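Enquirer: What follows is a structure written as structure tokens; I'll ask about it next.
The values are calculated or read from the model by the stated rules, or taken from the named source; none is laboratory data. Since we're looking at a predicted model, the values are computed, not measured. So basically every Cβ, Gly included, is an ideal-geometry build from the backbone, and we count neighbours across all protein chains shown. To get the accessible areas, we keep the full protein, side chains included, count just its heavy atoms, and leave off ligands, DNA and RNA. Shrake-Rupley method; radii C 1.70, N 1.55, O 1.52, S 1.80 Å.
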Amino acid sequence: MKAAAVNLAAGNLVAFPTETVYGLGADATNSAAIARIYAVKGRPTDHPLIVHISSMQRMGDWAEKIPEYAIKLARNFWPGPMTLVLNRSELAQDFITGGQDTVGIRVPDHVVARALLEAFENLGGKGVAAPSANRFGQVSPTTAAAVIDEIGEYLEPTDQVIDGGACAVGVESTIIDCTSDAPRILRPGAITAAMIETCSGIQVGKIADSPSLGVVNNSSEMISVDLIRVSGSLENHYAPAAKVLLCEIPFAGQGLIALASIETPPGVIRLASPRDDEEFAQILYSALRQADIQGLTEVVVTQPIGIGIAVAIRDRLARAANGR
Ligand code: TXA
Ligand code: MG
């Protein structure tokens with residue numbers, strides 16, 4: 001991992017696995033390297049990046065005025081699939097935060113990611129900015145092959161993609177706004193509202209729990225949130241080329257992604273049969289990619305109905321169904 005860390009320190013890009021999805025990493029203090037992330041992703045520069053660090057001990061480098069409940073969440077769920085949005089320190093410059101006064105921070109739980117972050121910090125690095133390693137608006141990659149498929153043609157020979165196998169969680173981290181009195185979920189993920197409430201003892205303000213419509217609910221909390229800045233909150237994100245259909249019965253020639261308990265009608269191309277909601281999240285993005293690889297024009301997804309990680313699955317599916 002030393003060589004990859006040296007590569008990051010030299011200003012190059014290193015795509016690496018995390019437990020959620022693959023990230024496209026760069027030195028979070030190097031504006032030229034960060035500019036390359038935006039170019040490779042084709043992402044608007046006012047969309048902020050998450051800074052990845054090896055342990056919560058380094059939160060104070062990047063954030064200030066951290067509320068007590070955020071410390072509790074960090075202690076409980078890091079390393080893990082959770083990003084905390086905090087008031088930024090001077091280290092978090094506009095090119096990371098999209099010009100906002102907050103910064104997103106995460107300690108990922110993956111042996112490769114942690115070894116890379118530790119090696120980078122041992123070289124004097126402060127943190128690694130890493131958005132999902134896909135082109136803007138597309139499905140996040142959960143394997144190294146999917147990373148190369150997405151952005152390979154935009155990388156330089158000095159950049160690097162580290163293969164760490166398939167990601168265990170499969171959907172992006174829960175993003176929690178910790179800049180007010182109560183935590184608010186900006187993007188649902190494997191760390192659920194119930195888990196956050198149990199840990200913090202505070203009721204969360206949910207803004208992105210969208211079971212069926214995919215449009216963020218219009219509770220008063222969300223009106224104050226600048227949705228443009230949370231690119232994952234755009235209504236047409238995470239979309240494959242195939243049209244994603246929800247709440248429909250599949251017919252011959254269409255793809256189908258559904259729990260194993262649901263049967264495949266004749267002529268329907270079964271893309272995945274996860275046994276539970278966790279496995280559903282884990283295989284979802286590769287199954288959507290598979291629809292495109294097989295040249296299908298339509299894929300029906302029977303959504304899981306649970307309230308755990310199923311909330312995140314429905315959130316991403318609703319956006320995918322809104323198409324490109
Ligand atoms: O699981 C993940 O979070 C993955 C892995 C690689 O860590 N990363 C990821 O990054 O999903 P990205 O950039 O694809 O999505 C991060 C989302 C974006 O929608 C961004 O706008 C939002 O986090 N975000 C980052 N910093 C923020 C901030 N200060 N305030 C509000 N939203 C922020
Ligand atoms: Mg993304």
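Enquirer: State yes or no: is Lys126 modelled with pLDDT of 95 or more, in contact with a Gly (Cβ under 9 Å, 6 or more places away or on another chain) and more than 15 Å from ligand 1 (Cβ to nearest atom)?
Expert: no
Enquirer: Here's a follow-up. Quick check on the stretch 137-192: of everything there that is outside any helix (DSSP H, G or I), of a type in the set (A, V, I, L, M, F, W, C) and farther than 20 Å from Ile313 by Cα, which residue is farthest from ligand 2 (Cβ to nearest atom)?
Expert: Taking the candidates together, the pick is Ala182.
Yes or no, residue by residue, for (1) over 26 Å from Gln203 (Cα atoms); (2) away from ligand 2 (no atom under 15 Å from the Cβ); (3) touching a Ser or Thr at 6+ places or on another chain (Cβ under 7 Å):
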site: Gly11; (1), (2), (3): yes, yes, no
site: Val14; (1), (2), (3): yes, yes, no
site: Pro67; (1), (2), (3): no, yes, no
site: Leu73; (1), (2), (3): no, yes, yes
site: Thr102; (1), (2), (3): no, yes, yes
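Enquirer: Are any residues in the stretch 154-178 among the polar types (S, T, N, Q) and surrounded by 19 or more Cβ atoms within 10 Å (Cβ to Cβ), and if so, which ones?
Expert: So the first thing to find is which residues in the stretch 154-178 are among the polar types (S, T, N, Q), and the list is 158, 160, 173-174.
Selection gives Ser173, Thr174.
Enquirer: Restricting the search to the stretch 27-65, which residues are open to solvent by 40 Å² or more (accessible area, probe 1.4 Å), under 24 Å from Ala115 (Cβ atoms) and in contact with a Phe, Trp or Tyr (Cβ under 8 Å, 6 or more places away or on another chain)?
Expert: Met56
Enquirer: For the stretch 66-80, enumerate the residues that are open to solvent by less than 20 Å² (accessible area, probe 1.4 Å) and within 21 Å of the chain's Cα centre (by Cα).
Expert: Hits for the stretch 66-80 are Ala70, Leu73, Ala74, Gly80.
Enquirer: Taking only pairs six or more apart or across chains, which ones have beta-carbon atoms under 7 Å, a first residue in the stretch 56-73 that is more than 15 Å from Thr102 (Cβ to Cβ), and a second residue that is among the charged types (D, E, K, R) and assigned to a helix (DSSP H, G or I)?
Expert: So the pair list comes out as Met56/Arg75.
Enquirer: For the stretch 97-112, how many residues are crowded, with 24+ Cβ neighbours inside 10 Å and either more than 22 Å from Val85 (Cβ to Cβ) or within 8 Å of ligand 1 (Cβ to nearest atom) (or both)?
Expert: Total satisfying the criteria: 4.
Enquirer: While we're looking at this one, here's another question. Residues in the stretch 199-207: is at least one at pLDDT 95 or above, under 23 Å from Gly170 (Cβ atoms) and open to solvent by less than 50 Å² (accessible area, probe 1.4 Å)?
Expert: There is at least one residue in the stretch 199-207 that is at pLDDT 95 or above, under 23 Å from Gly170 (Cβ atoms) and open to solvent by less than 50 Å² (accessible area, probe 1.4 Å).
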